[in-house]
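This report refers to the structure that appears directly beneath it.
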Amino acid sequence: MEKHLFNLKFAAKELSRSAKKCDKEEKAEKAKIKKAIQKGNMEVARIHAENAIRQKNQAVNFLRMSARVDAVAARVQTAVTMGKVTKSMAGVVKSMDATLKTMNLEKISALMDKFEHQFETLDVQTHVPPASWKCGKGSQLGQGAVCLAEEQSRPSPLCLGSEQGELHLFCLAIKLN
């Protein structure tokens with residue numbers, strides 16, 4: 001499928017190049033028309049005018065086909081991507097089925113709770129240094145405490161009754177051994 005996608009993109013590019021070539025040939029035919037008119041040769045000018053019109057129509061047709069082939073290539077690209085996503089999801093479902101068969105619901109629940117706890121701990125640990133720098137000097141708080149100050153600019157869903165601009169202080173005790 002990906003080989004077909006490459007061929008479609010290549011064909012679209014080739015059609016686009018052909019359209020540019022036809023535009024160039026049309027301009028050359030127009031120049032020949034001017035020369036023929038200047039020489040007073042109206043029959044030759046008419047032939048070159050027909051050639052210029054044909055080249056213009058051919059350029060438009062090449063450009064139209066290029067756009068259509070490019071649209072088909074985009075649809076094929078979407079199909080290829082969806083195929084990859086489907087394969088990936090199938091693998092995840094199989095591994096989840098295997099996990100569910102080997103573990104009971106209580107173990108899965110305990111594992112998920114542990115994961116959430118570790119994620120929250122990691123989140124707190126990554127936010128401690130920047131928040132503690134907001135508080136100023138750490139020596140004013142005494143050893144073993146880090147102050148996390150956060151000025152709330154809008155009420156959050158967790159603090160529905162709080163006023164805007166209210167200063168929340170959270171202190172965590174940290175033992176330095």
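The values are calculated or read from the model by the stated rules, or taken from the named source; none is laboratory data. Owing to the predicted nature of the structure, the values given are computational and were not obtained by experimental measurement. Ideal geometry is used to build each Cβ from the backbone, glycine not excepted, and the neighbour counts take in all protein chains shown. These area figures cover heavy atoms from the full protein model, side chains too; ligands, DNA and RNA do not enter into them. Shrake-Rupley method; radii C 1.70, N 1.55, O 1.52, S 1.80 Å.
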Quiz item: Is one or more of the residues making up region 31-46 more than 28 Å from the chain's Cα centre (by Cα) and either under 30 Å from A12 (Cα atoms) or touching a residue at least 40 places away in the same chain (Cβ under 8 Å) (or both)?
Solution: yes
Exercise. State yes or no: is D70 touching a residue at least 40 places away in the same chain (Cβ under 8 Å), open to solvent by 50 Å² or more (accessible area, probe 1.4 Å) and of a type in the set (D, E)?
Key: yes
Quiz item: From the list M112, M96, M65, which one is surrounded by 14 or more Cβ atoms within 10 Å (Cβ to Cβ), out of contact with any Lys or Arg (no Cβ under 6 Å at 6 or more places or on another chain) and either modelled with pLDDT of 80 or more or part of a helix (DSSP H, G or I) (or both)?
Solution: M65
